[in-house]
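**Q** Just passing along the structure, written as C-alpha cells.
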Amino acid sequence: MKQSYDCDTFSYFEILYEKKKLSIDYEYLEDPNVQIMSSKANQAVKNNHTMTATLPSTLSGLVTNSLCFLLFGSVLTTLNPLIILILIATAFINYLPQKYLRNYMHKTKDKREAESRKLMYYSRLSENFRIAKDVRLFSMDKWLTEASKLTSCKYKKLLLDLENKSFLVTLVDFAVALLRNGAAYAYLIWRAVEGDISAGDFVLYFSAISSFSAWFSGILSGWSAIHNTSLEICDYREYLEIPDRFNHGKGVPIPSNGKPLEIRLEKVSFTYPKAETPALENINLTIHKGEKLAVVGLNGAGKTTLVKLICGLYTPTSGKIFVDGHEIDEYNREEYYSMISAVFQTSNILPISIAENIAVCEKEKIDDSKLDTVIRLSGLTEKIQSLPEGMDTPINKSIHTNGTELSGGEKQKLLFARAIYKNAPLLVLDEPTSALDPIAESRMYENYNEATMNKTSIFISHRLASTRFCDRIILLDGKTIAEEGSHDELIAAGGKYAELYKIQSHYYKKAEKEGA
C-alpha cells in the first residue's frame, strides 16, 4: 500500500506541474528566471522521496528519536547531568556545519540547474533526427562535443565543490563525535575504576551514551530532512504560484457572429526579458475589419513579435491593443485565442492522423465536408491520395509503424489547412510559404482570397512580390512602422520597400511577364 501511496503522491505533484507548464502565460516561457523556477520545480517533483511522499515516515522517525532521547537522557542524569549537556552541545556543533551545507546546496542550486539544463539540451540535440544531416554535413559533431565537454566540466566542477564541502562537513562530524564519545567513555571508565559504578551500571551507561548521541543526531537529521522537504516544496509552490498576467477569469463576451475583427494598436512597445533595447517601439496601427494586411521587413525587424502581441501571446511593455473596441485584457484569454487561427514559423505536427492534426479534435467530431475543403485549399489532396490510409494515416514513423513523414512544404500545407479549418475571424500567417516550391506557393496565393473570406488576415513574408494580393502593406524598420500603403503606393514612394523590392525583383520578373 505504501508504494502505491508514494506513486499516487508523485503522480499528483507531477500532474499539477505539467498542467502549470501547459497553462502558464506564453511570454513566461521565454523568461530566463521562470525557466530556472521551472527546472527547480521539476527537480522537486523528481525528488519525490524528499517531498510529502515520505513525510509521514520522517515525522514518525522524529517522534521515535525524541522519545528515545528522553528515555536515555533520564538514564544518564543518574550518572552526571553534565554529560547530557556535553552530548547535546557537541551534537549542535555537528548540526551547524550540516545546516551550512544544506543552505549552500539550496543557494547554489540555480547554478547547477542552469548547467544541467544545458547538458540536457546538448543530449537531446545529439539525438534529434531532424538535425542529424546537418551534424554530418557541416561537422557539427566537433562543436557539439566541445560544447558538451565544456558544459560537463562546469557542471562537474560545481558538483565537486559540493562534494568537497560535504566531505569537510563529514570530517568535522567524525572528529566531534570521536572527541565527544571518547571523553564520555573515558569519564565512564574512570568512574568504574574508582568503584563508583558497578559492572552492570557500566554496561548500561556505556550503551546509553552511544545511543543518546545517535537518538539526538536522529532528531537533528529528521528536522533537517523536514527542512529540506520544505525548501523543495517552496521551489515547487513558487513555480505553481507564478501569477497570471493575462485574464483567465470572466471577460467581456467575444463576438459570436464570426465576422471579421477590427484591431487597433496604440503606442505599443515591447521589450523581451533581459533585453536592453525594445523589439518594437511606439507602434500605432489599425487593421480594419476584413482587411488583408501584409507585414514586411528585414530579419529581426519585429514582424513575428508584432503578431504575437496581436495574438495575445505577449503583453505590451507599454501601450494598448484593442480588438473590436475592447482592450485585449478585457477578454478571457482562452476565449480570445478561439478567435485566432495562426501559422507560425515554428509550429508542431502531432503524432496523430492527418485528419486529426488538421481538425485538432477527436475523429468522431471532424466535419468531413469542411476537411475536404481545407485540404483542397492547402494543396494536400495529391499527397493524401498517395497514402494507403489517406487522411487516417498517422504522422511520425518512429511512433507508428504505418506512419508517414511530411516534407517541409507538406507540413506548411497541413498547418495552413489547420488554420483554415478552425475558421476563426482572425487569420495570421507567418511565412506560410517559405518551404513551398514556386508552383505550390502560386496555388496557395490563388486560394488565399477564398481562405480569408469574411476574415481579417495578417500575412508576414520576406518575398515582397507575394504581398501584392493584400489590401495594405506595412514595413517594419527601426523598431517601428517605417512605411505603409499598397504595393503600388510604396513603389511610387521610392522608400525602403521600393529598394528591397528592386533587389528581389530579378527573381520574379519572369513571373510578372508571364502574368502579364
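The values are calculated or read from the model by the stated rules, or taken from the named source; none is laboratory data. Quick caveat, the model's predicted, so the values are computed rather than measured. Here the Cβ is made from the backbone with ideal geometry for all residues, glycine too, and neighbour counts use every protein chain on show. In case anyone asks, the SASA skips ligands and DNA or RNA and just uses the protein heavy atoms, side chains included. Shrake-Rupley method; radii C 1.70, N 1.55, O 1.52, S 1.80 Å.
**Q** Looking at segment 232-262, which of the residues that are more than 17 Å from residue 340 (Cα to Cα), assigned to a loop (DSSP other than H, G, I, E, B) and of a type outside the set (Gly, Ala, Ser) is least open to solvent (accessible area, probe 1.4 Å)?
**A** If we take residues in segment 232-262 being more than 17 Å from residue 340 (Cα to Cα), assigned to a loop (DSSP other than H, G, I, E, B) and of a type outside the set (Gly, Ala, Ser), then 242 is least open to solvent (accessible area, probe 1.4 Å).
**Q** Continuing with the same structure: Looking at 166, 224, 217, can you tell me which residue is open to solvent by less than 50 Å² (accessible area, probe 1.4 Å), at pLDDT 80 or above, among the polar types (S, T, N, Q) and assigned to a helix (DSSP H, G or I)?
**A** Every option except 166 fails the conditions.
**Q** Separate question: Name every residue in segment 364-397 that is buried (at least 19 other Cβ atoms within 10 Å of the Cβ), of a type in the set (A, V, I, L, M) and either touching an Asp or Glu at 6+ places or on another chain (Cβ under 6 Å) or free of Cβ contacts under 8 Å to residues at least 12 places away in the same chain (or both), in order of residue number.
**A** none
This table checks each residue for (1) closer than 12 Å to residue 83 by Cβ; (2) not polar (S, T, N, Q).
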site	(1), (2)
187	yes, yes
191	yes, yes
194	no, yes
198	no, no
202	no, yes
207	no, no
220	no, yes
227	no, yes
236	no, yes
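**Q** Of the numbered conditions (1) closer than 21 Å to residue 477 by Cβ; (2) surrounded by 15 or more Cβ atoms within 10 Å (Cβ to Cβ); (3) within 22 Å of the chain's Cα centre (by Cα), residue 295 fails exactly one; give the number of that condition.
**A** (3)
**Q** Search segment 164-181 for residues being touching a residue at least 40 places away in the same chain (Cβ under 8 Å) and among the small types (Gly, Ala, Ser), and hand back the single one that is nearest to residue 215 (Cα to Cα).
**A** Once the filter is applied, the top-ranked residue is 177.
**Q** A further question on this structure: Collect the residues in segment 398-439 that are assigned to a helix (DSSP H, G or I) and surrounded by 20 or more Cβ atoms within 10 Å (Cβ to Cβ), keeping them in residue-number order.
**A** Answer for segment 398-439, where residues must be assigned to a helix (DSSP H, G or I) and surrounded by 20 or more Cβ atoms within 10 Å (Cβ to Cβ): 410, 412, 413, 414, 415, 416, 417, 418, 419, 420, 421.
**Q** Just name the residue that is surrounded by the fewest Cβ atoms within 10 Å (Cβ to Cβ) out of those in segment 8-57 that are basic (Lys, Arg) and modelled with pLDDT of 80 or more. Before the answer, list the steps.
**A** Filtering segment 8-57 for residues basic (Lys, Arg) gives 19-21, 40, 46.
Okay, now just the ones that are also modelled with pLDDT of 80 or more, so 19-21, 40.
Values: 19: 11, 20: 16, 21: 14, 40: 22.
So, considering only residues that are basic (Lys, Arg) and modelled with pLDDT of 80 or more, the one surrounded by the fewest Cβ atoms within 10 Å (Cβ to Cβ) is 19.
**Q** Do the conditions hold for residue 141, that is, is it loosely packed, with under 14 Cβ neighbours inside 10 Å, out of contact with any strand residue (DSSP E or B) (no Cβ under 6 Å at 6 or more places or on another chain) and at pLDDT below 80?
**A** Details: loosely packed, with under 14 Cβ neighbours inside 10 Å: yes; out of contact with any strand residue (DSSP E or B) (no Cβ under 6 Å at 6 or more places or on another chain): yes; at pLDDT below 80: yes.
Answer is yes for this residue.
**Q** Among the aromatic types (Phe, Trp, Tyr) and either within 30 Å of residue 123 (Cβ to Cβ) or touching a Ser or Thr at 6+ places or on another chain (Cβ under 9 Å) (or both): which single residue out of 190, 223, 215 fits that description?
**A** Every option except 215 fails the conditions.
**Q** Can you find, within segment 98-138, the residue that is modelled with the highest pLDDT among those that are open to solvent by 80 Å² or more (accessible area, probe 1.4 Å) and hydroxyl-bearing (Ser, Thr, Tyr)?
**A** Out of the qualifying residues, it is 100.
**Q** Consider only pairs whose beta carbons are under 8 Å apart and that are at least six residues apart or on different chains; among these, list those whose first residue lies in segment 243-272 and is under 19 Å from residue 306 (Cβ atoms) and modelled with pLDDT of 90 or more and whose second residue is in a loop (DSSP other than H, G, I, E, B) and among the hydrophobic types (A, V, I, L, M, F, W, C).
**A** 261/339; 270/279; 271/279
**Q** I need the full set of residues from segment 144-163 which are over 30 Å from residue 210 (Cα atoms) and either touching a residue at least 60 places away in the same chain (Cβ under 8 Å) or open to solvent by 70 Å² or more (accessible area, probe 1.4 Å) (or both), in order please.
**A** 145, 146, 149, 150, 153, 154, 156, 157, 160
**Q** Taking segment 169-196 as the search range and keeping residues that are part of a helix (DSSP H, G or I) and among the small types (Gly, Ala, Ser), which one is surrounded by the most Cβ atoms within 10 Å (Cβ to Cβ)?
**A** Top of the filtered list is 184.
**Q** Given the criterion assigned to a helix (DSSP H, G or I), out of contact with any helix residue (DSSP H, G or I) (no Cβ under 8 Å at 6 or more places or on another chain) and closer than 27 Å to residue 164 by Cβ, identify the matching residue among 85, 96.
**A** Criteria check complete, one pass: 96.
**Q** Take the residues of segment 70-97 that are closer than 12 Å to residue 208 by Cβ and either in contact with a Ser or Thr (Cβ under 8 Å, 6 or more places away or on another chain) or acidic (Asp, Glu) (or both): which is most open to solvent (accessible area, probe 1.4 Å)?
**A** Looking at residues that are closer than 12 Å to residue 208 by Cβ and either in contact with a Ser or Thr (Cβ under 8 Å, 6 or more places away or on another chain) or acidic (Asp, Glu) (or both), I get 72.
**Q** Kindly establish whether residue 367 is modelled with pLDDT of 90 or more, of a type in the set (D, E, K, R) and in contact with a Phe, Trp or Tyr (Cβ under 9 Å, 6 or more places away or on another chain).
**A** Answer is yes for this residue.
**Q** Do we have any residue at all in segment 454-466 that's free of Cβ contacts under 8 Å to residues at least 24 places away in the same chain and open to solvent by 10 Å² or more (accessible area, probe 1.4 Å)?
**A** No; the residues of segment 454-466 include none that is free of Cβ contacts under 8 Å to residues at least 24 places away in the same chain and open to solvent by 10 Å² or more (accessible area, probe 1.4 Å).
**Q** Given the criteria at pLDDT below 90, surrounded by 17 or more Cβ atoms within 10 Å (Cβ to Cβ) and over 24 Å from the mean Cα position of the chain (by Cα), does residue 290 qualify?
**A** Spelling it out, it is not the case that residue 290 is at pLDDT below 90, surrounded by 17 or more Cβ atoms within 10 Å (Cβ to Cβ) and over 24 Å from the mean Cα position of the chain (by Cα).
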